[in-house]
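First up is the structure itself, then whatever we jot down about it.
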Amino acid sequence: MKAEGKVIKYGDNIDTDVIIPARYLNTSDPKELAAHCMEDIDKDFAAKHNAGDIMVGGANFGCGSSREHAPLAIKASGISCVIAKDFARIFFRNSINIGLPILECKEASEDIDALDEVEVDFDTGVITNKTKGKTYQAAAFPPFMQQIINSGGLVEYIKNNQ
């Protein structure tokens, strides 16, 4: 499986309150969450990106609370994957559980710039920056995690594999 899109880039310590502000946690509607994704740090986020675009962050992406609303808001906004130096562990697990592909790659996180055109091969973990003509190697997901992501998350995976 592959993803390709333009990059929207953020820095270190993007916490779950920045990804989806607490004032919107009274809903679990993905479309409503997507409409407010990143709005406190990037008020134009919802208007400026296209479905399939790739989010790149720095260190400790998704820190803060354990809410699943944060990766759900990103996924529902149409972002095809998130690349970061590293992720808060609960955000990492929540992302897999809801079917949002995420990759840890320090070199890619540091070198990729906003609006670069990037392709990600989830089977190999290869990240290709088409704008700069560079490749980076992230760890590929094991097959069972790829199946969870490809199913749309853990719940759908379980439904399809009973």
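Taken together, the values in this text are just the output of simple stated rules run on the coordinates, not laboratory data. Remember, it's a predicted structure, so these values are computed and weren't measured experimentally. Using ideal geometry, Cβ is built from the backbone for each residue, glycine included, and neighbour counts are taken over all protein chains shown.
For this structure, a couple of remarks:
- Within the shell defined by Cβ-Cβ distances under 14 Å, the residues around Arg93 carry a net charge of -1, with Lys and Arg each +1 and Asp and Glu each -1.
- Filter on Lys85/Lys159; Lys2/Lys85; Lys106/Lys130; Lys130/Lys159; Lys6/Lys159 - keep pairs with C-alpha separation over 29 Å: Lys85/Lys159; Lys130/Lys159; Lys6/Lys159
- FRET efficiency, 1/(1 + (r/R0)^6) with R0 45 Å, evaluated for Leu25 and Lys134 via beta carbons: 0.70
- On full extension, the segment bounded by Asp15 and Gln146 gains 44.7 nm, given 0.36 nm per residue less the C-alpha separation.
- Cα coordinate range in the range 16-70, projected on the principal axes (Å, largest first): 27, 26, 18
- Bridges between two residues of the chain, per DSSP, are antiparallel at a rate of about 55%.
- Relative intensity of the range 61-113 on a log10 scale, I(q)/I(0) at q = 0.14, 0.17, 0.24, 0.32 Å⁻¹, equals -0.32, -0.48, -0.89, -1.28, per a Debye sum over C-alpha point scatterers of equal strength in the absence of solvent.
- Computed over neighbours whose Cβ is under 12 Å from that of Phe141, the net charge equals -3, Lys and Arg +1, Asp and Glu -1.
- Here the relative contact order of the range 99-162, from alpha carbon pairs under 8 Å that lie six or more residues apart, stands at 32 percent.
- For the range 3-140, the direction-averaged projected area of the alpha-carbon convex hull comes to 6.9 nm².
- Per DSSP, loop trypsin sites (Lys or Arg not before Pro) in the range 21-121 with at most 16 further Cβ within 10 Å: Lys43
- Label-point gap, in nm, between Glu156 and Ala46 - each point 7 angstrom along Cα→Cβ: 2.3
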